[in-house]
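Notes to accompany the following structure.
The values are calculated or read from the model by the stated rules, or taken from the named source; none is laboratory data. Keep in mind that this is a model prediction, so the values were computed, not measured. Cβ coordinates were reconstructed from backbone atoms using ideal geometry, including for glycine residues, and neighbour counts include every protein chain displayed. Note: accessible area is taken over every heavy atom of the protein model, side chains too, but ligands, DNA and RNA are not part of it. Shrake-Rupley method; radii C 1.70, N 1.55, O 1.52, S 1.80 Å.
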Amino acid sequence: MSVFDQISPDSSIVVLTGAGISAESGLATFRGADGLWEGHRVEDVATPEAFARDPALVHEFYNLRRKGVKDVHPNDAHKALAELEQKWLGEVLVVTQNIDDLHERGGSKNLIHMHGEVLKAFCANCSDGMGDKIDCVDDLAVEMACENCGYAGGLRPDIVWFGEMPYQMERIFEALQNCDVFVSIGTSGNVYPAAGFVREALLSGAVTIECNLEHSMIANDFHEHITGPAGETVPALVRRLLA
Ligand code: BV8
């Protein structure tokens, strides 16, 4: 029996997305040449220690990524997920590891950015990152002062770095414990806790589907593997679900 025979129109669906869903929009994935992120080692740019040690380097890394996000557009995979959310009888929740805004611009509304958003920022001096964020569409710099507390040097991109707790974990686990279908799109399954979500879904009895160019690190936890570029496989998956 195919996994699709086990899916009913009012099934609840959780979708986890990673850098692969934005690749065809033109944004680089992380595990390019020997795991460098745009030429940087993770520990040099994506940890609180890196920000404390060399805030200018970290701002430069995210200023570049922020510029990149403004130059690209949602692709057919982002739009297909928004169509599924609009037309599906059951709940559709997208949990993205991506810090771009392509899901929003593609039309998704029920969305969680578990690793933050590069177009937002907060001041580490007067907020803990859970409080109110500020929109940030231009470059951040070390000498910029926070409008709230006046301190310079605390403003940081609203990004969950390695060693920091991802956002809305309780809401995510609640959704995983109640989902009937778990779809993973364009993620290598290297980074936890996101890479462990499929196991939670399996424990809830969900059917699990992976859409990727290749088999990810967690491919064994999926009942179905749909190989190919997300811009083609995700619209086809959504058409099949809505048929
Ligand atoms: C946490 C924001 C605990 C940054 C990101 C030692 C110390 C501390 C922690 C750890 C440690 N050892 C391990 C850990 C845990 C750590 C971790 O998992 N490390 C890994 C490296 C082993 N995790 C954490 O630190 C997390 N926090 O554990 O907190 C805690 C507990 C209590 C209290 C406090 C804390 C936080 C992790 C979040 C890090 N931030 N992002 C930024 O973006 O700059 S992670 C970042 O990397 C992304 O958000 C994403 O999650 C990850 C990249 O993965 P992918 O999205 O999968 O991208 P990748 O390039 O790897 O793969 C792309 C895939 O797409 C490939 O499979 C490819 O085949 C496919 N693809 C490509 N093109 C296409 C395609 N598919 C379809 N179509 C295409 N066209």
Legend entry - Condition check for Asp132: modelled with pLDDT under 95, over 13 Å from the mean Cα position of the chain (by Cα) and farther than 18 Å from Trp37 by Cβ: yes
Inset, instruction - Answer yes if at least one residue in the range 84-92 is free of Cβ contacts under 8 Å to residues at least 60 places away in the same chain, under 23 Å from Glu210 (Cα atoms), out of contact with any Cys (no Cβ under 6 Å at 6 or more places or on another chain) and surrounded by fewer than 23 Cβ atoms within 10 Å (Cβ to Cβ), and no otherwise. - result: yes
Inset, instruction - Please specify each residue of the range 216-238 satisfying the condition of being open to solvent by 50 Å² or more (accessible area, probe 1.4 Å) and touching a residue at least 12 places away in the same chain (Cβ under 8 Å). - result: Met217, His223, Glu224, Thr227, Glu232
Legend entry - Given (1) near the ligand (Cβ under 9 Å from one of its atoms); (2) out of contact with any helix residue (DSSP H, G or I) (no Cβ under 6 Å at 6 or more places or on another chain); (3) assigned to a helix (DSSP H, G or I), index of the condition Ser22 fails: (2)
Inset, instruction - Tell me which of these Gly106 doesn't satisfy, since it passes every other one: (1) modelled with pLDDT of 95 or more; (2) more than 30 Å from Trp88 (Cα to Cα); (3) out of contact with any Asp or Glu (no Cβ under 8 Å at 6 or more places or on another chain); (4) surrounded by 16 or more Cβ atoms within 10 Å (Cβ to Cβ). - result: (2)
Legend entry - Boolean, Tyr167 is near the ligand (Cβ under 9 Å from one of its atoms), open to solvent by 20 Å² or more (accessible area, probe 1.4 Å) and assigned to a loop (DSSP other than H, G, I, E, B): no
Legend entry - Subset of the range 189-233 [of a type in the set (A, V, I, L, M), assigned to a helix (DSSP H, G or I), within 12 Å of the ligand (Cβ to nearest atom) and over 16 Å from the mean Cα position of the chain (by Cα)]: Ala219
